[in-house]
Amino acid sequence: MAENNTHRTRRETSYNAITAEDLTFRETMSLFCSCTAKLEVVPNVQELSLPSNSKCLLIGDLHGNLQDLHFILSQIEEPGPNNFIIFNGDYVDRGDYSLEVIIVILKLFSSYPNYVFINRGNHEDMILNQYYGFFEELSKKFSPDQAESLKVVTSNCFKALPLCTIIDNTILVCHGGISPNLKIEDLRALDRTKLKSVLNPESDIERMSIQETSHWQQVLELLWSDPMVTNGYKPNLARGSGCYFGPDVTDEFLTNSNLSLIIRSHECCLEGFKFHHSKKVITLFSASNYNRKGGNLGAYLVLTREPYSSSHSQASQQESVLSALNNVSVQYNNRTENMILKDIHYSMKFVSYDCRTPLSLVPASSLQVIDL
């Protein structure tokens, strides 16, 4: 990626046209630095109140899968007062286009800061980036000195990412999961910028106060944990970090936090989404053919806050699910769930897809993003 010092005029670029070559090294550095400054003032726990009839697009793990991101963004309307986007972590590592994916997301955030929400995933971590591909990708796309500079600014940007988002004081959107120790008030209070790596805190753990140790452990579990079928709580030995949490842990957390639903990512699913714990936990995974192994669909979720109607019964919800399951096309499948949470009626449209087509065949989005 060669440096270009010529003056660039303000121009619009569709998502389908964004590649690493769109920005010079200096512009790429500027994008990360400017977004870091904006992200640092965003609360740890973001709050989103959906107006009636508004929609929120939720996107799970992407892992450098640019064509999946292009496909998703081609299906939605421009962010605005009635159209929101939540990105739920793990944008980089394992895929070949991690840089392009995070650039698109940051441009979106920069262009629509009131309508685009970005959560941190466990792979937004300098330790993992050293071993799972992102830093190697930077070294391939930039000169050695430029790559080293970008490793610093991307790590600073990642530690500035908010930890989670709460929708309508009802739905928690976080990357990994929960634990018996997790408290929303603690997440609000901690200093997330100290955690450039959640796996290896910059502070000496032995010198951390009891409160600091508790806060770090809660962030670790928020980003790394997985649901399990049986009751209880146990260390997540498969990952080496976080925990497994059972339905009883989910029930207790939701009750204590006055919440009704958890939407998380972090785990690959055959259909791109999966329900757990009597549909109180939903996993959403947006990278199709994950890690080049194939076999799984990616999925995104369109959450619509519907005007409340007493006619929405449990029976009608089930009927909508069964009918939507038969709505299959060559490119993707739709499934719709209706949920009433705290007297709020939500329609949840899950779209599963397989994006093995070349990038040039993915339809360009009607959305426009301003290059910085």
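What does the highest-first list of 237-244, 347-354 look like by mean Cβ count within 10 Å?
Going by the mean number of other Cβ atoms within 10 Å, highest first, we get 347-354, 237-244.
Taking 0.36 nm per residue of sequence separation and subtracting the Cα-Cα distance, how much length would be gained by fully extending the chain between Ala238 and Asn53, in nm to one decimal?
Residue separation times 0.36 nm, minus the Cα-Cα distance, leaves 62.5 nm.
Could you please tell me the mean projected area of the C-alpha convex hull for segment 167-250, averaged over all directions and given in square nanometres to one decimal?
6.0 nm²
What FRET efficiency comes out for the pair Asn334/Lys194, r = Cβ-Cβ distance, R0 = 41 Å, nearest 0.05?
After rounding, the FRET efficiency stands at 0.45.
Order 133-144, 42-53, 224-235 from most to least packed using the mean count of other Cβ atoms within 10 Å.
133-144, 224-235, 42-53
Which peptide among 24-36, 115-127 comes first, and what is the full order, when sorted by highest mean count of other Cβ atoms within 10 Å?
115-127, 24-36
Which FRET efficiency value, to the nearest 0.05, is calculated for Asn181 and Glu40 with the Förster distance at 25 angstrom and r the Cβ-Cβ distance?
E between Asn181 and Glu40, to the nearest 0.05, is 0.45.
Throughout, read-outs are computed from the coordinates displayed, never taken from laboratory work. Every value quoted in this text rests on a predicted model; they were computed, and no experiment measured them. Note that we place each Cβ from the backbone using ideal geometry, even for glycine, and neighbour counts take in every protein chain shown.
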